[in-house]
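The values are calculated or read from the model by the stated rules, or taken from the named source; none is laboratory data. Note that this is a predicted model, so its numbers are computed, not measured. Cβ: placed from backbone, ideal geometry, glycine included. Neighbour counts: every protein chain shown.
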Amino acid sequence: MPGAAGPAQRPDTASSATKRDVARKFYTQTVRESGITGRPARLLTILGLRAAESRSRARRPVLSVDAAASNGRREVTTWLPVHELSETAVWEAVRASGAPSHPIYRYTRRLSCSLCPLASYADLIVAARLRPDLAAEYAAIEEEIGHSFQPHRSIAQIIEQARSAEPGAATAAPSCAAKAAVIGGVR
């Protein structure tokens, strides 16, 4: 199957359609419900993006006005409080705060959409083990459209690897996930 038109080649699809656009609808609703008139409402978006995660994230400023989300009724500012922190420093801060972490960190290093084409291979195998019905649905769609899930990997290959993985592999947490499980009070 050719991979040129697969979703992994268009990361903007995941970011824009399923995240930014949803957030902007929420901003509109929040401003409408706030009753603020006569001046733009001020909204603050706080994201857990770290510079070490990608080159594009490294280029983002820690604090910025989101001109694309702002308009005459709202001014949206984005703050990246953990931007300069290492993954270890983030988990240390979570532990020190006493805040719980999401249970998915028991299984994967990142919290994202299940079976995201941009996820790591290890996280995809875990996702396919945790959600075999969804993985099978993705495989059927992949077959129907004639494009692979990732440029050099089909979802069928991921499913096969998930099936052949050692029993319990979906519950073996990577080191950061093990820290998260302890921090979040779940084991």
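Residue-level check: of (1) in a helix (DSSP H, G or I); (2) free of Cβ contacts under 8 Å to residues at least 12 places away in the same chain, A52 misses just (2).
Taking L111, is it in contact (Cβ under 8 Å) with a residue 60 or more places away in the chain, among the hydrophobic types (A, V, I, L, M, F, W, C) and not in a helix (DSSP H, G or I)? Criteria not met by L111.
Let's see how each residue does on (1) within 16 Å of the chain's Cα centre (by Cα); (2) in the same structural domain as A165 (by TED's automatic domain parsing); (3) not hydrophobic (A, V, I, L, M, F, W, C):
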{"site": "L49", "(1), (2), (3)": "yes, no, no"}
{"site": "A52", "(1), (2), (3)": "yes, no, no"}
{"site": "A67", "(1), (2), (3)": "no, no, no"}
{"site": "R106", "(1), (2), (3)": "yes, yes, yes"}
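Filter the stretch 116-142 down to residues that are among the acidic types (D, E), touching a residue at least 12 places away in the same chain (Cβ under 8 Å) and over 14 Å from E160 (Cβ atoms), then give me how many there are. Here the count works out to 1. Please verify whether E92 is acidic (D, E), farther than 21 Å from L47 by Cα, outside any strand (DSSP E or B) and outside the structural domain of G48 (by TED's automatic domain parsing), treating the condition exactly as stated. In short, no.
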